[in-house]
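Before any comments, here is the structure.
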Amino acid sequence: MALLSKWQENLDESRYNKEQINAFIKDYFKKEENAYAKILDAKEQKIEGTVKEIGEKYELEPQEVAAFIDGINTSLEEQIDVDNAEEDTQVTLNIVWEKLYYNMCKAKAPWLYELEQWDGILDADKRLEIRNQYKKDMQAVSTKVGRNDPCPCGSGKKYKKCCGKDL
């Protein structure tokens, strides 16, 4: 069974006991935070090795490495086939810092995007720019035209006096 499947199975087994799942996730989040702190502190943009070696380096169990890779996958130059990863699977994580920071904002993970180690990677202005872009991307946009809005056909008239006249 692949490592990510084992990880998900552990979550499924503990889902019936709320305290157990909260402890499981809290423990993982702390390990994840420590791993990111080490990566950012060392400014390691490229991490190579087997899943087991990466786990040893960042103090993660192999299943936790699979979950970590699953979480960071969209922040990599080239995504990893984490669904089939085993302990001896060779992986290369080429991290794109801006994507990683954006995705941490998207995951609503302040314990990660507020790490002090980001100071050596992205300056405060760049981080603010990325957070603002995230907020902008998450804003709901209405496609409905109000009767007093300019007509979308470009005539310059109000919608109610132009294309909305027949409604």
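Each value in this text was obtained by applying a stated rule to the coordinates, not by laboratory testing. The structure displayed is predicted, hence computed values, not measured ones. Glycine also receives a Cβ, built like all others from the backbone with ideal geometry; neighbour counts cover every protein chain displayed.
Can you give the percent of C-alpha pairs in segment 71-167 whose distance is more than 16 Å?
For segment 71-167, the fraction of Cα-Cα distances above 16 Å is 69 percent.
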Students often get this wrong, so check it: of Lys108/Lys158; Lys57/Lys108; Lys30/Lys126; Lys136/Lys165; Lys6/Lys135; Lys43/Lys108, which have C-alpha atoms separated by over 30 Å?
Lys108/Lys158; Lys136/Lys165; Lys6/Lys135
The alpha-carbon center of segment 125-167 and that of segment 87-102 are separated, in whole Å, by 37 Å
Amide H of Thr89: which non-local residues (sequence gap of 5 or more, or other chain) have their own amide H closer than 5 Å, using H built in the peptide plane?
Val51, Lys52
Can you list which of the GluC sites (Glu not before Pro) found in segment 86-167 are DSSP loop residues with at most 11 other C-beta atoms within 10 Å?
Glu114
Using θ = phi - 60° and the Karplus curve 6.51 cos²θ - 1.76 cosθ + 1.60, what whole-Hz ³J(HN,Hα) does each residue of segment 25-34 get, with Gly and Pro shown as x?
6, 4, 4, 5, 4, 5, 5, 4, 4, 5
How large is the Kirkwood hydrodynamic radius of segment 117-160, counting all unique pairs of alpha carbons, in Å?
13.6 Å
Pop out the ³J(HN,Hα) list for segment 52-59 in order, Karplus 6.51 cos²θ - 1.76 cosθ + 1.60 with θ = phi - 60°, rounded to Hz; leave Gly and Pro as x.
5, 4, 5, x, 5, 5, 10, 6
Can you give the helix-only mean residue ellipticity at 222 nm for the chain, where every DSSP H stretch with n ≥ 4 adds -39500 (n - 2.57) and the sum goes over all residues, rounded to the nearest 500 deg cm²/dmol?
-16000 deg cm²/dmol
Average Cα contact separation per residue, the chain, under 8 Å, 6 or more apart, as relative contact order %:
20 percent
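Counting trypsin sites (Lys or Arg not before Pro) as exposed when in a DSSP loop with at most 15 other beta carbons within 10 Å, what is the longest stretch of the chain free of them? Provide the component values of the computation, followed by the final result.
Details: sites that count: Arg15, Lys43, Lys108, Lys144, Arg147, Lys157, Lys165.
Segment 44-107 is the longest.
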Loop only by DSSP, 15 or fewer other Cβ within 10 Å of the Cβ. Give me the chymotrypsin sites (Phe, Trp or Tyr not before Pro) in segment 1-106 that pass, ordered by residue number.
Tyr16
Any idea what diffusion coefficient the chain gets from Stokes-Einstein, in µm²/s, Kirkwood Rh on alpha carbon pairs, 4 °C, 1.567 mPa s?
69 µm²/s
Tell me, what ³J(HN,Hα) does each residue in segment 80-94 have, in order and in whole Hz, if you take phi through Karplus 6.51 cos²θ - 1.76 cosθ + 1.60 with θ = phi - 60° and put x for Gly and Pro?
9, 7, 6, 4, 10, 6, 10, 4, 8, 6, 7, 10, 10, 9, 9
